[in-house]
Amino acid sequence: MTAACPARVWITRTQPGAGRTAERLRDLGLTPVIAPLLTVEPLSPSLPDLDQFAALVFTSPNGVDAYAALTPRRDHSVLTVGDATADAAKGIGFSNIRSASGDLTALARLIAVEPPAGPILAAVAETPVGDLAEAVRLAGGLAEITTASVYRTTPAPCSPPPAFDAVLVHSPRAGRLLATLGEPALAHAVIACISAAAAAPLTAQGLSPALSNAPNEDALLKTLQEALGNREQPV
């Protein structure tokens, strides 16, 4: 009896994160297919006087990488949206790091409950996923937050891979771009989304993506494995 071929998983996230995800998929015995729906372009803003800030906020590893190219300073306290972003900050030399281990709402809650002793500089995308300052206010916080747009994401000139059995969706914007392909192009595949916001555009197309129970890649990959396993169960 011939063994089944490993599932081919389309990775839609930007590089260099796509490469890290591909390594994790290989470790799980799956076949990664890298075809990002978005590309990252670092920006070169003039940063404000960093001495006025008590802490930095990063909402993605892309923000960490872009910020690192703008200044050599690594002496600020750092708050991050999740653990992968915290690892990226540690990797470029920051040491005092707190992770919200979640999404923008979790980060806002962390800032509101345990605010830094002064203003915050948030190094974010040109078009951020959400309004961090407003989220902090809604969480009951009073932190003063200044934003610096340090990178932008743009749609990649990419068509779907010729063959794939599953798709990983790491962001709402990737979900929106994927949804433009329409239900017929995706109905055959397992779709695993990192958050409800990432899944919403696909659900609107009549698809039924599997939803990660936490907004991080560990939970996302677990969701993917479970969804693939369920599909392989005999009817």
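The values are calculated or read from the model by the stated rules, or taken from the named source; none is laboratory data. Just so we're clear, the structure is a prediction, and the values are computed from it rather than from any experiment. Positions of Cβ are generated from backbone atoms using ideal geometry, with glycine treated the same way; all protein chains shown enter the neighbour counts.
Some points to look at:
- Comparison of 197, 139 shows that the only residue that is small (Gly, Ala, Ser) and either outside the structural domain of residue 110 (by TED's automatic domain parsing) or under 15 Å from the mean Cα position of the chain (by Cα) (or both) is 197.
- Per-region count, the stretch 65-86, residues farther than 21 Å from residue 109 by Cβ and within 18 Å of the chain's Cα centre (by Cα): 3
- For the stretch 216-229, the set of residues classified as assigned to a loop (DSSP other than H, G, I, E, B) and out of contact with any Gly (no Cβ under 6 Å at 6 or more places or on another chain) is empty.
- Residue match in the stretch 70-79 (condition: surrounded by fewer than 23 Cβ atoms within 10 Å (Cβ to Cβ), within 20 Å of residue 217 (Cβ to Cβ), in contact (Cβ under 8 Å) with a residue 60 or more places away in the chain and out of contact with any Cys (no Cβ under 8 Å at 6 or more places or on another chain)): no
- Test: residue in the stretch 151-171 that is of a type outside the set (Val, Ile, Thr), out of contact with any Phe, Trp or Tyr (no Cβ under 6 Å at 6 or more places or on another chain), modelled with pLDDT under 95 and buried (at least 19 other Cβ atoms within 10 Å of the Cβ): yes
- Members of the stretch 195-209 that are within 19 Å of residue 7 (Cα to Cα) and either in contact with a Cys (Cβ under 6 Å, 6 or more places away or on another chain) or crowded, with 18+ Cβ neighbours inside 10 Å (or both): 209
- Answer residue from the stretch 115-132, given it is among the aliphatic types (A, V, I, L, M) and surrounded by 17 or more Cβ atoms within 10 Å (Cβ to Cβ) and is farthest from residue 154 (Cα to Cα) among those: 120
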